[in-house]
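Taking it in order: structure first as structure tokens, then the write-up.
Every number here is computed from the coordinates shown, using simple stated rules; none is lab data. Please read these numbers as outputs of a predicted model, since none were measured by experiment. For neighbour counting, all protein chains shown are included, and Cβ atoms are generated from backbone atoms with ideal geometry for every residue, glycine included.
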Amino acid sequence: MSDSYVKNVVEAALLAAGRPLPANEIRELFDEFERPELARVEAALAALAVDFEGRGIELREVASGFRVQVRDAVAMPVSRLWQERPPKYSRALLETLALVAYRQPITRGEIEDIRGVQVNPNIIRTLQEREWVRVIGHRDVPGRPELLATTRGFLDYFGLKSLDDLPTLAQLRDVESLGVQLEFGGTMEAAQAQDPDGGTIEMVEVVEVVEVVDVVEGVELVGGDAPADPGDETAPPRKVD
């Protein structure tokens, strides 16, 4: 089996799948008796990435695997293929998502303490229905509040391979335009600190959350239908947690 054939199969699979594909899954597509080594599949992926340089598409590795996607530089004209406008989300939802992303695992009560307002249940429900946030356990305190964290779908949607690829706050301040879909890159170093005992202290303060949301506020997120966006909250925080 030639390397060009392996690369052609890999390319066709990525274009046809409509979702990210891990290298192992791509390898399993080949006939059992002539299945290439994983290294050959990975070499084909690397070759495709080079082939796509300077073109309107790119090969991107995200949390769930590899995918072919439209480059940011041409995303705006391509987005006009879809007549329906993508959903826009409120500042309250974006602040909540930013807190979960940078301070996970986090409880709803902790989000409320930082934001200073009660979290509308519709916001958490919307994030869960979008499969961006999920419950991963319960805090071992009275009331056992749910612990919220981001999902693999969140990483895939925002083009991240892992949480280490989240941008630092300094990087977000330097962003001039995010286009139709957010593009993240960087590390979490500036968003995380350690206390003298080795524990993690506040990773995102109110002002930092505002800075994150100032960058993304008003950006239209692409990704299909979504529930109606819940409004902001004005009631005082709950004290359950």
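Looking at the range 81-117, the chymotrypsin sites (Phe, Trp or Tyr not before Pro) that sit in a DSSP loop and have at most 13 other Cβ atoms within 10 Å of their own Cβ are 82. FRET efficiency for the residue 34 to residue 84 pair, using the beta carbon distance and R₀ = 35 Å, is estimated at 0.20. So which GluC sites (Glu not before Pro) in the range 1-96 are both in a DSSP loop and have at most 12 other Cβ atoms within 10 Å of their Cβ? Within the range 1-96, the qualifying GluC sites (Glu not before Pro) (loop, at most 12 other Cβ atoms within 10 Å) are 28, 37, 53, 84.
Remark: the range 119-129, residue by residue, has Karplus-estimated 3J(HN,Hα) of 7, 5, x, 5, 5, 4, 4, 4, 5, 6, 5 Hz, where x stands for each Gly or Pro and the curve is 6.51 cos²θ - 1.76 cosθ + 1.60 at θ = phi - 60°. Panel order for 136, 106, by other beta carbons found within 10 Å of each beta carbon, from fewest to most: 136, 106. Please work out whether the range 67-137 counts as rounded, prolate or oblate from its C-alpha gyration tensor, where a ≥ b ≥ c are the square roots of the eigenvalues and a/c under 1.5 means rounded, while otherwise a/b larger than b/c means prolate and anything else oblate? Cα axes put the range 67-137 in the prolate bin. When 117, 62 are sorted by how many other C-beta atoms sit within 10 angstrom of their C-beta, beginning with the fewest, the order is 117, 62. Applying 1/(1 + (r/R0)^6) with R0 = 30 Å to the Cβ-Cβ distance of residue 152 and residue 4 gives a FRET efficiency near 0.40.
Looking at the range 33-114, the trypsin sites (Lys or Arg not before Pro) that sit in a DSSP loop and have at most 16 other Cβ atoms within 10 Å of their own Cβ are 55, 71, 80, 88. Dividing the radius of gyration of the alpha carbons in the range 3-70 by their Kirkwood radius gives 0.94 for Rg/Rh.
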